[in-house]
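Worksheet: the structure to be examined is printed underneath.
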Amino acid sequence: MNDTPEATQDDVLDFTDAGPVDTPPTPFMQDKAHCMTLWIDTETQDFFNTHAELSGTDPQTLMAQTLRQHAQGQTLVEVIREAIREELRTDAHQQV
C-alpha cells in the first residue's frame, strides 16, 4: 500500500529545487538537439520499438533519424533499409 497522496489538478506543485531538463543527454548533441514532448499513438510507438530493436538502436534515435531524413526528403522505408544495412556491416566486421 502506498501512503503517498495522489496529485490532483488543483494541487500546486513546487519545482524550485528541480534541476534543468533542457540539457541533451550527450555532449555530442549539445548544439544539435532540443528537448520536446511528443504524444504518439500506441501503434506508432510499437512500430518504432520493434524497428529500433531490429536495427540495434533505441526508439528515440530511430524517430529522430526518421524525422530528420523525412525533412531531407527520404522515406521511412529508406531509413529502415539504411539502418539494417548498417547493422549488417557492423555484424560482418565483428565476425572477421
query: Using the beta-carbon distance between His34 and Asp58 and R0 = 22 Å, what value does 1/(1 + (r/R0)^6) give for FRET efficiency, to the nearest 0.05?
result: 0.80
query: Applying the Karplus parametrisation 6.51 cos²θ - 1.76 cosθ + 1.60 with θ = phi - 60° to the phi angles of segment 69-76, what ³J(HN,Hα) value in whole Hz is obtained for each residue in order, glycine and proline being reported as x?
result: 6, 5, 4, 8, x, 8, 8, 4
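Every read-out reported here was derived from the displayed coordinates using simple, explicitly stated rules and does not represent laboratory data. The structure presented is a predicted model; accordingly, all values stated were derived computationally and were not measured. So basically every Cβ, Gly included, is an ideal-geometry build from the backbone, and we count neighbours across all protein chains shown.
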